[in-house]
Amino acid sequence: MKKDIDWKNVGFSYLQTDKRYVSNYKDGAWDEGELTSDSNVVLNECACVLQYCQECFEGLKAYTTKDGKIVTFRPELNAARMMDSAERLYMPQFPKERFIDALDQLVKANVDYVPPYGSGATLYIRPYMFGSNPVIGVKPATEFQFRMFCTPVGPYYKGGINPLSICVSDFDRAAPHGTGNVKAGLNYAMSLYAVMDAHNRGFDENMYLDAATRTKVEESGGANFIFVTKDDKVITPKSDSILPSVTRRSIMHVAKEYLGLEVEEREVYLDEVKDFAECGMCGTAAVISPIGKIDDHGKEILFPSGMDHMGPVIQKLYDTLTGIQMGEIKSPEGWIHVIE
Ligand SMILES: *Cc1c(COP(=O)(O)O)cnc(C)c1O
């Protein structure tokens, strides 16, 4: 039986569910893994993750489709990205098949928390991994824990799909040749001051620039940018220090193959942003959040789509992507993983 939750009004916050998946790595191997009811992680005071932040994570969602199936969206891309993150942070990789198996077990065990079709809510799934044994001299851990939990969520931004106002940040998110392209908690730790600073000045998010020249658009704290030109071309910034968003890669495919639009992944200069017709931030949590206004040190960039609604192209991308995820529109081969 579904939990007694006011699905239409769930926010983006943690609600404890019944089960989570845990697997431990020791002596060079992952154990079998299991579901547990224990939501607490107990660690030694000197655990590597607590001292040196050896941690990476993922984020994906489970949806109830129109015909009542429970599905996840391209989960093997999350599994693969987590393997890349683990490698960069000198952690053992959690195999792709095991990731998918853990996901299936987790969602099945918490099926009563999967929001119903049409509610606007989804089940957010958070896989993560960290160095768990004590380490005081700086070196990688030798023992690790992989966990996956889930929580029902509503829209990431309170306005739902109302356009956001963001600002160009004076802080950098990622350095060239750093860790900006992997999904690690450490990239977020150093963005917290910057995002609170933006909030305190009345903005929803930051637009980060490339650290080397501060002339090119990178991404926001947790979402990639897409832009639409006045002649309906969809453009997304190319950089080695932004996170390869599954949502963004999917949107670019949808733009080209479903909507017949021209798409381009290339360097985007801050100077040219004022000439675009629409702008959005995309990620699993944000889906596509439209941006109405960008503040560049007091100079405002106002998109023609305004502050009241999404621009027409972003709206079409949003409708097509969410339609695919909810089973209303036929998906490309292999994008939808049904939890049996
Ligand atoms: C997770 C994340 C994104 C969005 O990626 P998705 O795969 O679409 O969820 C974008 N930027 C950063 C920094 C992220 O951590």
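The values are calculated or read from the model by the stated rules, or taken from the named source; none is laboratory data. What you see is a predicted model, and the numbers here were worked out from it, not measured in a lab. In this analysis, Cβ positions are derived from the backbone assuming ideal geometry, glycine residues included, and neighbour counts consider all displayed protein chains. What goes into the accessible areas is simple: the full protein's heavy atoms, side chains included, and nothing from ligands, DNA or RNA. Shrake-Rupley method; radii C 1.70, N 1.55, O 1.52, S 1.80 Å.
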Looking at segment 308-322, is at least one residue within 16 Å of the ligand (Cβ to nearest atom), out of contact with any helix residue (DSSP H, G or I) (no Cβ under 6 Å at 6 or more places or on another chain) and closer than 26 Å to ALA175 by Cα? no
Return the residues of segment 106-132 that are closer than 25 Å to GLY185 by Cα and open to solvent by 20 Å² or more (accessible area, probe 1.4 Å); say none if nothing qualifies. TYR124, ARG126, TYR128, SER132
The condition of being outside any loop (DSSP other than H, G, I, E, B), within 20 Å of the chain's Cα centre (by Cα) and not hydroxyl-bearing (Ser, Thr, Tyr) holds, among VAL195, VAL182, only for VAL195
Given the conditions (1) in contact with a strand residue (DSSP E or B) (Cβ under 9 Å, 6 or more places away or on another chain); (2) polar (S, T, N, Q); (3) more than 16 Å from the ligand (Cβ to nearest atom), every one holds for SER239 apart from (3)
Would you point out the residue of segment 160-188, among those that are of a type in the set (Gly, Ala, Ser) and either buried (at least 16 other Cβ atoms within 10 Å of the Cβ) or within 12 Å of the ligand (Cβ to nearest atom) (or both), that is farthest from PHE57 (Cα to Cα)? SER165
Search segment 48-57 for residues being touching a residue at least 60 places away in the same chain (Cβ under 8 Å) and outside any loop (DSSP other than H, G, I, E, B), and hand back the single one that is nearest to the chain's Cα centre (by Cα). PHE57
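Residues are listed down the side, and each one gets a yes or a no for (1) within 16 Å of the ligand (Cβ to nearest atom); (2) outside any helix (DSSP H, G or I); (3) outside the structural domain of VAL246 (by TED's automatic domain parsing):
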{"site": "GLU76", "(1), (2), (3)": "yes, no, yes"}
{"site": "MET82", "(1), (2), (3)": "yes, no, yes"}
{"site": "ALA86", "(1), (2), (3)": "yes, no, yes"}
{"site": "MET91", "(1), (2), (3)": "no, yes, yes"}
{"site": "ASP112", "(1), (2), (3)": "no, no, yes"}
{"site": "MET129", "(1), (2), (3)": "yes, yes, yes"}
{"site": "VAL138", "(1), (2), (3)": "no, yes, yes"}
{"site": "ALA141", "(1), (2), (3)": "no, yes, yes"}
Quick test of your reading of the structure: LYS108 fulfils all but one of (1) among the charged types (D, E, K, R); (2) touching a Ser or Thr at 6+ places or on another chain (Cβ under 8 Å); (3) in a helix (DSSP H, G or I). Name the failing condition by number. (2)
Name the residue that is farthest from the chain's Cα centre (by Cα), counting only residues in segment 77-101 that are buried (at least 16 other Cβ atoms within 10 Å of the Cβ) and closer than 26 Å to ASP112 by Cβ. ARG98
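Filter segment 246-261 for residues that are away from the ligand (no atom under 14 Å from the Cβ) and in contact with a strand residue (DSSP E or B) (Cβ under 7 Å, 6 or more places away or on another chain); which is nearest to PHE73 (Cα to Cα)? Reasoning before the result, please.
Within segment 246-261, the subset away from the ligand (no atom under 14 Å from the Cβ) is 255-261.
Then keep just the ones that are in contact with a strand residue (DSSP E or B) (Cβ under 7 Å, 6 or more places away or on another chain); that gives 255-256, 261.
Details: ALA255: 17, LYS256: 19, LEU261: 23 Å.
Residue satisfying both the conditions and the ranking: ALA255.
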Return the residue satisfying two criteria in turn: it lies in segment 208-246 and is among the small types (Gly, Ala, Ser) and either touching a residue at least 60 places away in the same chain (Cβ under 8 Å) or open to solvent by 20 Å² or more (accessible area, probe 1.4 Å) (or both), and of such residues it is farthest from ALA286 (Cα to Cα). ALA212
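So, in segment 243-294, exactly how many residues are part of a helix (DSSP H, G or I) and within 19 Å of the chain's Cα centre (by Cα)? Before the answer, list the steps.
First, the residues of segment 243-294 that are part of a helix (DSSP H, G or I): 246-257, 270-275.
Applying the additional criterion that residues be within 19 Å of the chain's Cα centre (by Cα) yields 246-254.
Number satisfying all stated conditions: 9.
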Selection within segment 295-330 - crowded, with 16+ Cβ neighbours inside 10 Å and in a loop (DSSP other than H, G, I, E, B): PHE303, SER305, MET310, GLY311, MET326, GLY327
Scan segment 134-159 residue by residue and report those that are open to solvent by less than 20 Å² (accessible area, probe 1.4 Å) and polar (S, T, N, Q). THR151
Going residue by residue through segment 291-305, is there one that turns out to be within 12 Å of ILE251 (Cβ to Cβ) and within 16 Å of the ligand (Cβ to nearest atom)? no
Go through the residues of segment 58-67 one by one and say whether even a single one is more than 16 Å from the ligand (Cβ to nearest atom), surrounded by 19 or more Cβ atoms within 10 Å (Cβ to Cβ) and within 25 Å of the chain's Cα centre (by Cα). yes
Would you check which residues across segment 273-289 are away from the ligand (no atom under 16 Å from the Cβ) and either touching a Pro at 6+ places or on another chain (Cβ under 8 Å) or open to solvent by less than 40 Å² (accessible area, probe 1.4 Å) (or both) and list them? VAL273, PHE276, ALA277, GLU278
